[in-house]
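Below: one structure, written as structure tokens.
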Amino acid sequence: MTSRARGIEELDDFDAVFGALANRSRRMILTVLHARGGEMTSGAIAARFEHSWPTISGHLRVLQQAGLVTIELRGREHVYQIQTDRLTAVTQGWLGYFA
């Protein structure tokens, strides 16, 4: 991969992660996931918020697309798992430009 392509990929990562973090509800979902051991079912996440299910589902989709959560199907339940390594790598990578 060329330096330019790597730079574009890095900018795309910044956009995805910081775009996901720009919303208060998504930050709260990540905080709740972390506080609950890093994983929860979609129903357990939704129960903690006063938003409608479509709204929570949309927030979870944005977090997944940004690589901040993954989904594991366990029987009929979707279990969301926080990806702290990705969160740390991208945010620290961006902050590194200002060190």
If one compares the long axis through the Cα atoms of helix 24-35 with the longest principal axis of the Cα atoms of the chain, the angle in degrees, nearest 10, works out at 80 degrees
Qualifying GluC sites (Glu not before Pro) in segment 1-96, DSSP loop, other Cβ atoms within 10 Å at most 11:
Glu50
From the phi angles alone, apply the Karplus equation (6.51, -1.76, 1.60; θ = phi - 60°) to segment 53-67 and give each ³J(HN,Hα) in whole Hz, x where the residue is Gly or Pro.
4, x, 5, 4, 4, x, 5, 5, 5, 4, 4, 5, 4, 7, x
Per-residue [θ]222 nm for the chain (sum of -39500 (n - 2.57) over DSSP H runs n ≥ 4, rounded to 500):
-20000 deg cm²/dmol
Tell me, what is the Rg over Rh of segment 28-99, with Rh the Kirkwood radius over Cα pairs?
1.03
Virtual spin-label span in nm between Tyr97 and Arg48, 7 Å along Cα→Cβ:
3.1 nm
Which angle from 0 to 90°, rounded to the nearest 10, does the C-alpha axis of helix 3-21 make with the longest principal axis of the chain?
30 degrees
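Read-outs throughout are calculated quantities, based only on the coordinates presented, and are distinct from any laboratory measurement. For clarity, every value in this text was computed on a predicted model and none was experimentally measured. All Cβ positions, even for glycine, are placed from backbone atoms using ideal geometry, and neighbour counts span all protein chains on display.
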